[in-house]
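Read through the structure below, which is laid out as structure tokens, and then see the notes.
The values are calculated or read from the model by the stated rules, or taken from the named source; none is laboratory data. These numbers were taken from a predicted model, which means no experiment stands behind them. Note that we place each Cβ from the backbone using ideal geometry, even for glycine, and neighbour counts take in every protein chain shown.
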Amino acid sequence: MRLMTRLLYLVFYSYRYIYWALIEFSAIFGKSLRVPGTVELANAQSCDMGLDRIHVRYKYAVRGQTYIGSFTRECTKRNSDVVMRRFPVGRMVSVHVDEDRPNRSYLPSGLGYVGPLFAFVPATALLFFWVWWVHLRIVASQHFMQAQPPDSSQEQPADCPAGLPGTPDAAAAAVSRRDARKGLTPFTSDEGDFSILRPVAPQHSDVRSLPTPYGRVGFTILSAETPDALYEVGYGDVPGEGPIDSSWLASTSSDRLSRSKLIERHDVRLNGVPGNAYTAADDQYYWSERIYFVGRRYYRMSVYIPRSGCTWPSNAAAFLSSLHTTHSKN
């Protein structure tokens, strides 16, 4: 790394050496008028890479108007001594001037352009080599990062493919009917006019306001949490009278599904009432739910498992299909 840093410095100073030569070379063109001038200042300062920077300032006159010109070059210390002897302060020099724009002038330094020309090829080659080395380091670093095993001290979220965890129904099919209902006990809500089988008694009750085409619905959610899942049952009455438009019934989960990856969907029935079943995945959870409209009452059964696991509880399907209502279908 230290060597490559020095190499970059070498490339930089090589191009700076070439730069000052190019500045002088570009000043040659269009300077057809020659006038006498006088050296006003000449100095040499040491710079990096064992070079000296020469700066010469001179004055000249064109049609009675006095002008100031200068040049700067970098060269070896030996050539620096030659230039300083050539341009002592007060010496008369011949200045090349642009006749149309006399403020533009050129005073040959005598250093020539062979050195900068020969420096250009190796400097460019070294620059390409340095860029290739940096590119190689970046590629190697990216490869190393990709090859690193995950940090075992941090839990990595699982991203199960569509068949895993699949659906709660598939998980229940892998166990006996008795085990599929294991741990579930009846729960009745007189307020919600329903009964369900639940793993534990509801621990939280929350009322949310849901927007609908018929007005806002006060939606009550009862939730219970176990070490490996969250169980919810919710209900609310849609304002108005008469049947609810079937197209809206089918779209009640569309907003939620638009932010999730659908794993499976199918139709279900509850005591002759049609409903929808969804299993999907969002950024944090795998979730499965059943939606029913009994008359103008909206019921929703949901189970959530974190994406750090890929297994539905064996009783999740039994919970989701356990809803019984006493609410009127009208």
So which residues in the stretch 303-330 are under 22 Å from residue 196 (Cα atoms), among the hydroxyl-bearing types (Ser, Thr, Tyr) and either over 34 Å from the mean Cα position of the chain (by Cα) or in a loop (DSSP other than H, G, I, E, B) (or both), if there are any at all?
314, 321, 322, 325, 326, 328
Looking only at the stretch 57-86, how many residues end up being touching a Pro at 6+ places or on another chain (Cβ under 8 Å) and among the hydroxyl-bearing types (Ser, Thr, Tyr)?
2
On the basis of being assigned by TED's automatic domain parsing to the domain that holds residue 106 and modelled with pLDDT under 85, does residue 37 make the cut?
no
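Of the residues in the stretch 153-181, how many are within 14 Å of residue 309 (Cα to Cα), among the polar types (S, T, N, Q) and modelled with pLDDT of 75 or more?
1
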Just to verify a result, which residue in the stretch 221-274, among those that are farther than 27 Å from residue 313 by Cα and acidic (Asp, Glu), is modelled with the highest pLDDT?
237
Unmet requirement for residue 223, which otherwise passes all of (1) crowded, with 19+ Cβ neighbours inside 10 Å; (2) within 15 Å of residue 320 (Cα to Cα); (3) not aromatic (Phe, Trp, Tyr):
(1)
What about residue 291, is it under 19 Å from residue 226 (Cβ atoms), in a strand (DSSP E or B), of a type in the set (A, V, I, L, M, F, W, C) and in the same structural domain as residue 216 (by TED's automatic domain parsing)?
no
Filter the stretch 63-80 down to the residues that are at pLDDT 85 or above, in a strand (DSSP E or B), crowded, with 17+ Cβ neighbours inside 10 Å and not aromatic (Phe, Trp, Tyr) and list them by number.
69, 73, 74
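Residues that are farther than 21 Å from residue 112 by Cβ and of a type outside the set (A, V, I, L, M): does the stretch 78-96 have at least one?
yes
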Residue 129 passes all but one of (1) modelled with pLDDT under 85; (2) assigned by TED's automatic domain parsing to the domain that holds residue 29; (3) of a type in the set (Phe, Trp, Tyr); which number fails?
(2)
Let me spell it out: the conditions are (1) polar (S, T, N, Q); (2) loosely packed, with under 12 Cβ neighbours inside 10 Å; (3) not in a strand (DSSP E or B), and residue 205 meets all of them except one. Which number is the exception?
(3)
I'm told residue 54 meets every condition in (1) under 51 Å from the mean Cα position of the chain (by Cα); (2) surrounded by fewer than 18 Cβ atoms within 10 Å (Cβ to Cβ); (3) under 14 Å from residue 108 (Cβ atoms); (4) not hydroxyl-bearing (Ser, Thr, Tyr) except one. Can you identify the failing condition by its number?
(2)
